[in-house]
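S.K.: Have a look at this one.
The values are calculated or read from the model by the stated rules, or taken from the named source; none is laboratory data. Note that the structure is a prediction, hence the values are computed from the model and not measured. Cβ sites come from the backbone with ideal geometry, for glycine too, and all protein chains shown count toward neighbours.
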Protein chains: 4
Amino acid sequence: MTDTDTDDARLVELYQDFERLHLQGLWTQAADLMPKVPSPKAVPWIWHAADLLPIADRCGELITIERGGERRAIALANPGLGGRPYATPTIWGALQHLGPHESAPAHRHMANAVRFVLDGEGVWTTVDGDACDMEPGDLVLTPAWTFHDHANTTDSPMRWFDGLDLPLSNYLDVIFYENHPDLAQPVEDRNRSEQQWATAGVQVRGATRSAHGSPLLRYRWDQTDAALAAATADSPSATIDFVDPSTGGPPLATLGCSMTRMLAGTSLPPSRRVGSSIVVVFRGRGHSTLNGERVGWGPFDMIAVPSWCEVSHSADEDTDLFVIDDAPVIKALGFGRPPTGPAAVDGENDR
Amino acid sequence: MTDTDTDDARLVELYQDFERLHLQGLWTQAADLMPKVPSPKAVPWIWHAADLLPIADRCGELITIERGGERRAIALANPGLGGRPYATPTIWGALQHLGPHESAPAHRHMANAVRFVLDGEGVWTTVDGDACDMEPGDLVLTPAWTFHDHANTTDSPMRWFDGLDLPLSNYLDVIFYENHPDLAQPVEDRNRSEQQWATAGVQVRGATRSAHGSPLLRYRWDQTDAALAAATADSPSATIDFVDPSTGGPPLATLGCSMTRMLAGTSLPPSRRVGSSIVVVFRGRGHSTLNGERVGWGPFDMIAVPSWCEVSHSADEDTDLFVIDDAPVIKALGFGRPPTGPAAVDGENDR
Amino acid sequence: MTDTDTDDARLVELYQDFERLHLQGLWTQAADLMPKVPSPKAVPWIWHAADLLPIADRCGELITIERGGERRAIALANPGLGGRPYATPTIWGALQHLGPHESAPAHRHMANAVRFVLDGEGVWTTVDGDACDMEPGDLVLTPAWTFHDHANTTDSPMRWFDGLDLPLSNYLDVIFYENHPDLAQPVEDRNRSEQQWATAGVQVRGATRSAHGSPLLRYRWDQTDAALAAATADSPSATIDFVDPSTGGPPLATLGCSMTRMLAGTSLPPSRRVGSSIVVVFRGRGHSTLNGERVGWGPFDMIAVPSWCEVSHSADEDTDLFVIDDAPVIKALGFGRPPTGPAAVDGENDR
Amino acid sequence: MTDTDTDDARLVELYQDFERLHLQGLWTQAADLMPKVPSPKAVPWIWHAADLLPIADRCGELITIERGGERRAIALANPGLGGRPYATPTIWGALQHLGPHESAPAHRHMANAVRFVLDGEGVWTTVDGDACDMEPGDLVLTPAWTFHDHANTTDSPMRWFDGLDLPLSNYLDVIFYENHPDLAQPVEDRNRSEQQWATAGVQVRGATRSAHGSPLLRYRWDQTDAALAAATADSPSATIDFVDPSTGGPPLATLGCSMTRMLAGTSLPPSRRVGSSIVVVFRGRGHSTLNGERVGWGPFDMIAVPSWCEVSHSADEDTDLFVIDDAPVIKALGFGRPPTGPAAVDGENDR
């Protein structure tokens, strides 16, 4: 028996002991753990409204909203993420369908959430006693640990995009969850957060503040639309960031939200950033190229963009893209692209 | 055929379409995704030095350190985490063994790292040109994107605990990695960070700062020991936090480090916090109770403590426990225990 | 000659030497320098519009606006401050009169300034190229080191209140001053700051920011009025603070601005705060008690309130009081009322 | 009578009304209020130890320390400041003389203070119960609203430099003052702040913090000296800033402190900054040029440097210059030199 044979045998024995003792050698995994650039398991993916909306209708007929199930939310499950209901590693994206005269029961959890309304009317979300009306294009926040429930008083359904940091908060093992004693919490006020916080540059002394995010809970579409119209008056495209008006920071500690308007015929150059996002087409038609692959899109299509994915957008019609991202997490933890790292495709990508 | 049969058939069909279209219903997963309190997959676990050290010796004989493998680091793999080399969801813990006259090659990555020296001498870690000497009990930082390599000029090995945010940075898809052109980077200075930053309350104007963490790269054991001795002069136990002297904040954006001294006979009451940690026994003997299960420990034993795990410690001998945790992440993202959430076992646990 | 005589003679000689050598003994001045509570030299004072407005008209006829004089600003000179043109130690308050078809030349300085419009129309202030329209009730900012000039294109004068940190910046010896090469700087945009910053919770990516204060330069009266109307819908009085929408902080680093609406018949309880302010009556009639002395007021009256002055207000008609204060300075320097200091008259006074 | 005569008469009448109504025209004062660059009333000035020390001895014989007078502090009165005991507009500088077996009574005030020890031994300052030993070269802080008293148990006097923000806090009308019920407050601990805060990079969990400045109250000369020695090992001069170890910020909200070591033969190029300072020569001999005027200096000489004064230093012997400045005020209020303002003499002057 040669020395090498002996060594081989000892190595086999060593790795058996590794397994028995719950140990692993870095040297066998370094390349996988430490890629030269981010190499997400999540893949770029598009879910088409043509698929999603009929599914939502069928759910509306077949699935009842009740305690335990809580919400008729149809989650985007990125094919790269092993069957978990996560659009990206950090962001949950879902189409939520609230049928006529339905309510979704009141609860709270440490996951932060946003709702971006696609269509419908006559619905409100009550957040810690404040009933926030929802109209198409509105962005409604339910920050961590706020009680929230949704009520539809009309004969038609409402559909919205749900964005949560659920994958992140679940990964970090920080979730607490609590049902409200009542199915619907008492409504103390209507659109109070708007009365107190929706005038730019003005704060009502003594206004309600939030422990976990923006005190402004509803960002009305008409105001977003007007801001985008002004910003595209002399530019073919513009992006607005939704912010916490009490700090100028992100609306939630873990989630950034923005809206990009592109006039028909506009193309945005390829860019990439560290961290992931979901694009929800609110209005318009066009196509995007994600790591070299082209996908066409129209209203209510939803696109998962993994970290460091090269992405470009082109608009055939006047288009509004709602984007939710984990940029606040990347920034808070100092994980933006290293200054001497690989050149970005486009400069404006590491906010 | 009854209505219910029809509905059942339609449901089956619906869920088939869910799978085909990469969708999932929240209602089938809500309880799992949103537990009432954090319910980690990671389990409390102890790795005993009696197992670890002989394994390290065998690795020293059988495993060569070279480009590609990079480090002889033996990672703690939490049995609850499905075979991945992670002690907790966010923290990599490993025993690193650097043999006599060995060097570990220079590289850099976006993962933040600390080294806590267990035994050995005559070793230094060069961090962006600054050779930092390492002695038992020292804490040495290699912040994100700093080039670092380790050199042992003696006839004996050195062993240290490696703590990295690798599971977190890998999860977030933020890792960039680069080898230094040379196996060993040029040494420009020796212990420069200590000369510039190791006098409390004093900053040398023009001193080197760091983009990703503390500019002080080495926390000497003799100073830690003296601070703990003073703090336990009239108290049976005390904890010191290692901080960035330029900000008073955590030493790295993602990792907290502390040392708890317990005099013989001291017990600390049960406590729990949101977020995970690894305890490394540096000195002393005693036992801990983790979620009701008692484990005994001695020098160089390592314990994984998952989020919200109830833990208490008792020291039979004078004991020093080094702890690395993800508290800066939990705090930066606003994910501490909700104020109206379940009562903690002990008040002082949510820093 | 006794010892005491000798000592007296030596003391005389000592104090002569003090004077010769530019020295002074603390023991002779301690009580004056360190009062038990703030003892301002500035006195509470009211300037009545009945005096101010005719004076402004006379100035309009007799004083020309030109380079060197720069502005037809009639400064409030607190009788306690030794003849200097300061309403309080830190705040300059003035009535500025811009006649028909007049312009005030473009310049910049390190003093921060606000303009609160009393009456008139068709005037704008250009701030670093952005022409900001001014209407009664508007608050217009000219942050430190921004070029600004005022233009009146109508046949009527406009009158506004000027609030500057000039006494403070002069005291600190930080003033730099520069004339613009032209009497009127070029207008690049009209109300650009409003287009970019006047939608609450929304930031246009790439919008102009300011080095020395809020990027929103004009706070329109109609929005202020609406916010106050909402806030007094179920409360007889309310106060809104003007803030920098990019940070939620004060509009200028040294000056806070607010507006208090009191419905007819409302009285606010006595309060005091550390730091000084000027109250400008925009609308309504009533009276105030300042350190026990009662003064009646009506539109455009201006009141200086020194530090720690006890003040209460009562409104006989629906009233809007514009207030400018140095609260940001007091807060930034940690000089608020000590927690164990003398009890305040009213709790809500140390923001 | 001509029109001009009429106008003249009306102008005279106008200005009489101005005076009667406590008003003033900006146009008559603009140039004075808004100089092109800072134009302090304070003048550069030096107080020589050869004058100061004998005066202090005479005061030691003639002036008793007692309640009311409180301290035997001989204040530097800048000749440009109209006879007030202020070295600069913002900073009080004084030589304090504490005789053998004397105590200075316990009090507190909202003015922040530092003590820089010149000579003597066996003295301590008690700050909120913590007796801080004082040795030559030590910097001892008494932050706003901390009770403090000084005790000398030896047969020799101690002399130190007193630096306070008294002119600033007096100007802002923020001073509260309170005598301790006892002449000497009870001593609870000795050098506690050093035990808790004097290890760089280490914080004792639960350590005493301060509401108004650094929790480290004593900066020992031996550590300052060692840091300066290291910093001048390969450079002929170096400056260290004293900082709050809990934040890395200034030791007090209003006062910066630093020490510059210049080896014999070193000259520092001319520089200027916005804001004022006092230089105290601790060790060495040399000369400075202040706005073109040269002054020679030796140990314990004290120099007032007004805002924007051009200053250069040359050391004939190895020299240590202690500097106290108002840089934290200038920075907090955003009043540093404007980026497009007049060129500085030397780049490194606007920290």
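S.K.: Looking at the range D:201-246, which of its residues are under 23 Å from the mean Cα position of the chain (by Cα) and small (G, A, S)?
M.R.: Residues satisfying the conditions are D:S210, D:A211, D:G213, D:S214, D:A227, D:S237, D:A238, D:S246.
S.K.: Moving on. Could you grab me the full set of residues in the range B:88-113 that are polar (S, T, N, Q) and closer than 16 Å to B:G69 by Cβ? Spell out how you get there, then give the answer.
M.R.: So the first thing to find is which residues in the range B:88-113 are polar (S, T, N, Q), and the list is B:88, B:90, B:96, B:103, B:112.
Matches in the range B:88-113: B:Q96, B:S103.
S.K.: State which residue pairs qualify: first residue facing another protein chain (nearest Cβ under 7 Å) and inside the range C:235-255, second residue among the charged types (D, E, K, R) in any location, beta carbons under 7 Å apart, and separation of 6 or more residues or different chains.
M.R.: Partner pairs satisfying both residue conditions: C:A238/C:R261; C:T239/A:R205; C:I240/A:R205; C:D241/A:R205; C:S246/C:R209; C:T254/C:D165; C:T254/C:D326.
S.K.: I'd like the full set of residues that are farther than 22 Å from A:A227 by Cβ and touching a Leu at 6+ places or on another chain (Cβ under 9 Å), limited to the range A:178-203.
M.R.: The initial filter retains those residues of the range A:178-203 that are farther than 22 Å from A:A227 by Cβ, namely A:178-190, A:192.
Passing the criteria: only A:R192.
Results for (1) more than 19 Å from C:I240 (Cα to Cα); (2) of a type in the set (A, V, I, L, M, F, W, C), shown as yes or no for each residue.
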{"site": "C:R261", "(1), (2)": "no, no"}
{"site": "C:T266", "(1), (2)": "no, no"}
{"site": "C:I278", "(1), (2)": "no, yes"}
{"site": "C:H287", "(1), (2)": "yes, no"}
{"site": "C:G298", "(1), (2)": "yes, no"}
{"site": "C:S307", "(1), (2)": "yes, no"}
{"site": "C:T319", "(1), (2)": "no, no"}
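S.K.: Sticking with this structure for a sec: In the range B:125-156, which residue that is hydroxyl-bearing (S, T, Y) and within 24 Å of B:P250 (Cβ to Cβ) is farthest from the chain's Cα centre (by Cα)?
M.R.: Let us first name the residues in the range B:125-156 that are hydroxyl-bearing (S, T, Y), namely B:125-126, B:142, B:146, B:153-154, B:156.
Those left that are additionally within 24 Å of B:P250 (Cβ to Cβ): B:125-126, B:142, B:146.
Values: B:T125: 18, B:T126: 20, B:T142: 13, B:T146: 18 Å.
Residue satisfying both the conditions and the ranking: B:T126.
S.K.: Please work out which one of (1) among the hydroxyl-bearing types (S, T, Y); (2) closer than 15 Å to A:H109 by Cα; (3) touching a Cys at 6+ places or on another chain (Cβ under 6 Å) is the condition A:Y177 fails and give its number.
M.R.: Exception for A:Y177: condition (3).
S.K.: Looking at the range B:70-97, which of its residues are free of Cβ contacts under 8 Å to residues at least 60 places away in the same chain and surrounded by fewer than 18 Cβ atoms within 10 Å (Cβ to Cβ)?
M.R.: Within the range B:70-97, B:P79, B:G82, B:G83 meet the criteria.
S.K.: Return yes or no: is D:R261 touching a residue at least 12 places away in the same chain (Cβ under 8 Å), among the basic types (K, R) and either assigned to a strand (DSSP E or B) or buried (at least 20 other Cβ atoms within 10 Å of the Cβ) (or both)?
M.R.: Details: touching a residue at least 12 places away in the same chain (Cβ under 8 Å): yes; among the basic types (K, R): yes; either assigned to a strand (DSSP E or B) or buried (at least 20 other Cβ atoms within 10 Å of the Cβ) (or both): yes.
Considered against the rule, which asks whether it is touching a residue at least 12 places away in the same chain (Cβ under 8 Å), among the basic types (K, R) and either assigned to a strand (DSSP E or B) or buried (at least 20 other Cβ atoms within 10 Å of the Cβ) (or both), D:R261 comes out as yes.
S.K.: Hey, any hits in the range B:149-160 for a residue that's farther than 16 Å from B:R71 by Cβ, within 13 Å of another protein chain (Cβ to nearest Cβ) and modelled with pLDDT of 95 or more? Let's see the steps before the verdict.
M.R.: Keep residues of the range B:149-160 that are farther than 16 Å from B:R71 by Cβ, which gives B:153-156.
Then drop every residue that is not within 13 Å of another protein chain (Cβ to nearest Cβ), which leaves none.
No.
S.K.: For the range A:143-153, how many residues meet the condition of being hydroxyl-bearing (S, T, Y) and either free of Cβ contacts under 8 Å to residues at least 24 places away in the same chain or surrounded by fewer than 21 Cβ atoms within 10 Å (Cβ to Cβ) (or both)? Steps first, please.
M.R.: First, pick out the residues of the range A:143-153 that are hydroxyl-bearing (S, T, Y): A:146, A:153.
Among the residues that remain, those that are also either free of Cβ contacts under 8 Å to residues at least 24 places away in the same chain or surrounded by fewer than 21 Cβ atoms within 10 Å (Cβ to Cβ) (or both) are: A:153.
So the answer is 1.
S.K.: Return yes or no: is B:A75 out of contact with any strand residue (DSSP E or B) (no Cβ under 6 Å at 6 or more places or on another chain) and of a type in the set (A, V, I, L, M)? Please lay out each step first, then the result.
M.R.: On the way: out of contact with any strand residue (DSSP E or B) (no Cβ under 6 Å at 6 or more places or on another chain): no; of a type in the set (A, V, I, L, M): yes.
Considered against the rule, which asks whether it is out of contact with any strand residue (DSSP E or B) (no Cβ under 6 Å at 6 or more places or on another chain) and of a type in the set (A, V, I, L, M), B:A75 comes out as no.
S.K.: Among the residues of the range B:13-27, is there at least one that is basic (K, R) and in contact with a helix residue (DSSP H, G or I) (Cβ under 6 Å, 6 or more places away or on another chain)?
M.R.: Kept after step one, since they are basic (K, R), are these residues of the range B:13-27: B:20.
Retained after the next criterion (residues that are in contact with a helix residue (DSSP H, G or I) (Cβ under 6 Å, 6 or more places away or on another chain)): none.
Looking through the range B:13-27, none of the residues is basic (K, R) and in contact with a helix residue (DSSP H, G or I) (Cβ under 6 Å, 6 or more places away or on another chain).
S.K.: While we're here: If the Cβ limit is 6 Å and pairs must be 6+ apart or interchain, which residue in the range D:40-69 that is at the interface with chain C (Cβ under 8 Å from one of its Cβ atoms) and of a type in the set (F, W, Y) pairs with which residue that is outside any loop (DSSP other than H, G, I, E, B) and surrounded by 15 or more Cβ atoms within 10 Å (Cβ to Cβ)?
M.R.: If the second residue must be outside any loop (DSSP other than H, G, I, E, B) and surrounded by 15 or more Cβ atoms within 10 Å (Cβ to Cβ), the pairs left are D:W45/D:A304; D:W47/D:L76; D:W47/D:M302.
S.K.: Of the residues A:T266, A:T208, which is more than 14 Å from chain B (Cβ to nearest Cβ) and modelled with pLDDT under 95? Working first, answer last.
M.R.: Values: A:T266 fails: modelled with pLDDT under 95.
Within the list A:T266, A:T208, the selection yields A:T208.
S.K.: Can you find even one residue in the range A:91-106 that is among the acidic types (D, E), at the interface with chain B (Cβ under 7 Å from one of its Cβ atoms) and either in a loop (DSSP other than H, G, I, E, B) or touching a helix residue (DSSP H, G or I) at 6+ places or on another chain (Cβ under 9 Å) (or both)?
M.R.: We begin by selecting, within the range A:91-106, every residue among the acidic types (D, E); these are A:102.
From what's left, at the interface with chain B (Cβ under 7 Å from one of its Cβ atoms): none.
No, because not a single residue in the range A:91-106 is among the acidic types (D, E), at the interface with chain B (Cβ under 7 Å from one of its Cβ atoms) and either in a loop (DSSP other than H, G, I, E, B) or touching a helix residue (DSSP H, G or I) at 6+ places or on another chain (Cβ under 9 Å) (or both).
S.K.: Identify, please: which residue in the range A:72-90 is within 12 Å of the chain's Cα centre (by Cα) and assigned to a strand (DSSP E or B) and is, among those, farthest from A:P40 (Cα to Cα)?
M.R.: Start the filter on the range A:72-90 by keeping residues that are within 12 Å of the chain's Cα centre (by Cα), which leaves A:75-76, A:86-90.
Okay, now just the ones that are also assigned to a strand (DSSP E or B), so A:75-76.
On the way: A:A75: 20, A:L76: 17 Å.
Looking at the filtered set, the residue picked out is A:A75.
S.K.: Does the range D:178-185 include one or more residues that are over 28 Å from D:H97 (Cα atoms), more than 14 Å from chain C (Cβ to nearest Cβ), part of a loop (DSSP other than H, G, I, E, B) and of a type in the set (A, V, I, L, M)?
M.R.: Taking the range D:178-185 as the starting set, the residues that turn out to be over 28 Å from D:H97 (Cα atoms) are none.
No, the range D:178-185 has no match at all.
S.K.: I've got another one for you. Looking at (1) facing chain B (nearest Cβ under 7 Å); (2) more than 22 Å from B:P105 (Cβ to Cβ); (3) among the polar types (S, T, N, Q), which one does A:Q16 not meet, given that it meets all the others?
M.R.: If we test A:Q16 against (1) facing chain B (nearest Cβ under 7 Å); (2) more than 22 Å from B:P105 (Cβ to Cβ); (3) among the polar types (S, T, N, Q), just (1) comes out false.
S.K.: Taking the range B:223-240 as the search range and keeping residues that are surrounded by 20 or more Cβ atoms within 10 Å (Cβ to Cβ) and β-branched (V, I, T), which one is nearest to B:T260 (Cα to Cα)?
M.R.: B:T239
S.K.: Can you find even one residue in the range A:134-142 that is buried (at least 24 other Cβ atoms within 10 Å of the Cβ), part of a strand (DSSP E or B), in contact with a helix residue (DSSP H, G or I) (Cβ under 9 Å, 6 or more places away or on another chain) and not aliphatic (A, V, I, L, M)?
M.R.: No, the range A:134-142 has no match at all.
S.K.: Output the residues belonging to the range B:289-309 that are in contact with a Pro (Cβ under 9 Å, 6 or more places away or on another chain) and crowded, with 17+ Cβ neighbours inside 10 Å.
M.R.: Within the range B:289-309, B:L290, B:I303, B:A304, B:V305, B:P306, B:S307, B:W308, B:C309 qualify.
S.K.: Now a separate question. Residue by residue through the range A:113-129, note down the ones that are farther than 23 Å from A:F300 by Cβ and in contact with a Ser or Thr (Cβ under 6 Å, 6 or more places away or on another chain).
M.R.: Step one: filter the range A:113-129 for residues farther than 23 Å from A:F300 by Cβ, giving A:126-129.
A:V127, A:D128, listed by residue number.
S.K.: Regarding A:T319, is this residue in contact with a Pro (Cβ under 8 Å, 6 or more places away or on another chain) and not hydrophobic (A, V, I, L, M, F, W, C)? Spell out how you get there, then give the answer.
M.R.: Details: in contact with a Pro (Cβ under 8 Å, 6 or more places away or on another chain): no; not hydrophobic (A, V, I, L, M, F, W, C): yes.
The answer is no for A:T319.
S.K.: I'd like to verify a number: residues in the range A:41-64 that are part of a loop (DSSP other than H, G, I, E, B) and within 21 Å of B:V12 (Cα to Cα), how many? Break it down stepwise before answering.
M.R.: Residues of the range A:41-64 that are part of a loop (DSSP other than H, G, I, E, B), as a first pass: A:41-44, A:48, A:63-64.
With within 21 Å of B:V12 (Cα to Cα) added as a condition, the list becomes A:63-64.
Summing the residues that are part of a loop (DSSP other than H, G, I, E, B) and within 21 Å of B:V12 (Cα to Cα) in the range A:41-64 gives 2.
S.K.: A further question follows. Starting from residues that are among the hydroxyl-bearing types (S, T, Y) and over 19 Å from B:A113 (Cβ atoms), keep the ones in the range B:248-273 and report whichever is nearest to the chain's Cα centre (by Cα).
M.R.: Narrowing the range B:248-273 to residues among the hydroxyl-bearing types (S, T, Y): B:254, B:258, B:260, B:266-267, B:271.
Checking the rest, the ones that are also over 19 Å from B:A113 (Cβ atoms) come to B:260, B:266-267, B:271.
Numbers: B:T260: 15, B:T266: 25, B:S267: 23, B:S271: 19 Å.
Result: B:T260.
S.K.: Additional query: Tell me which residues, restricted to the range A:192-232, are among the charged types (D, E, K, R) and either under 16 Å from A:R283 (Cα atoms) or part of a loop (DSSP other than H, G, I, E, B) (or both).
M.R.: Step one: of the range A:192-232, the residues among the charged types (D, E, K, R) are A:192, A:194, A:205, A:209, A:218, A:220, A:222, A:225.
Of everything in the range A:192-232, those that are among the charged types (D, E, K, R) and either under 16 Å from A:R283 (Cα atoms) or part of a loop (DSSP other than H, G, I, E, B) (or both) turn out to be A:R205, A:R209, A:R220, A:D222, A:D225.
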